[in-house]
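*Asks:* Let me begin by handing over the structure; questions about it come next.
The values are calculated or read from the model by the stated rules, or taken from the named source; none is laboratory data. Keep in mind the model is a prediction, meaning the values are calculated, not measured. Don't worry about glycine lacking a Cβ; one is built from the backbone with ideal geometry, like all the others, and counts go over all protein chains shown.
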Amino acid sequence: MNMGKYGSVLVVDDEPAVLESSSLLLQEYGFKVASSSDAEDAMRRFKENSIDVVVTDIVMPSVSGIELIRQIHDINPRTPVILMTAYADMEKVLDAIKIGAFDFIIKPFTPELLLHAVEKAVHYNQLVLMERDYKHLLEEYNQEIETLVAERTMGLMSLTLADKIRNPAAVIGLICRRMLEKEEVPENLIAKIRGIIEEAQKLDNIVKDFQSLLKKRESMFRYEDINEVVDSIMPIIKNMVVNTRIEVVFNRSPNPLKVNIQKNLFRIALSH
């Protein structure tokens, strides 16, 4: 199997000449190619390898190309399947398209036609995978943002509540102290007022400790290495320029570039 750079293709045909010529053409163009002469072997290879696109003849002994589509899509419904067919099989082609065939090419076909169909299918598969990855990342980022917002909201609410508790406690303590200093207070109330002052002071101390704890809470922002963050999104960026003339180059610093950031939010900014 050729280790290609443009994607992996499984070619299935019971005609040795077609199978060999199609496989060699795709290999020469840079695809990673697996070849099978029957559906049973094709399914084995499909399960054992990471296949981007399947190119199959529609008329084969034992299991037809239409049935092969069903078996492939039972495992991975996103895999594009291209049918190779003769004019006489057009009715079967229509049936195959109804069950999810991606495209078809009519025999005898030119090399350019086969390459164009496979390139289009590989690109489609890459877009599907990118969409899936982005949805997964977006879900993670949304959860992260919700956590940050909730964390900030709860922090502000807690500090506000602490202030609302602390202020009355301080006022009560102050009033009671002034009462003891300036007014003639009956002896039987002095001990009770002092008890109120002590309890107000205890409450004030508790609220102070609570506020200090909230302000010192560990933030979700960390000193992260930008090199590592960029490394993590490079596969996504490279997938975006596959089959284009754009070359992605990352001149990595030999030393860590530590910045105080929220890593996932920074990844969003870079990937967009």
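*Asks:* Do you know which residues across region 222-269 are at pLDDT below 75, more than 19 Å from the chain's Cα centre (by Cα) and assigned to a loop (DSSP other than H, G, I, E, B)?
*Replies:* N243
*Asks:* Still on this model: Please enumerate the residues belonging to region 55-75 that are out of contact with any Lys or Arg (no Cβ under 9 Å at 6 or more places or on another chain) and over 25 Å from L25 (Cβ atoms). Working first, answer last.
*Replies:* First, the residues of region 55-75 that are out of contact with any Lys or Arg (no Cβ under 9 Å at 6 or more places or on another chain): 55-56, 60-63, 67-74.
Selection gives S62, E67, R70, Q71, H73, D74.
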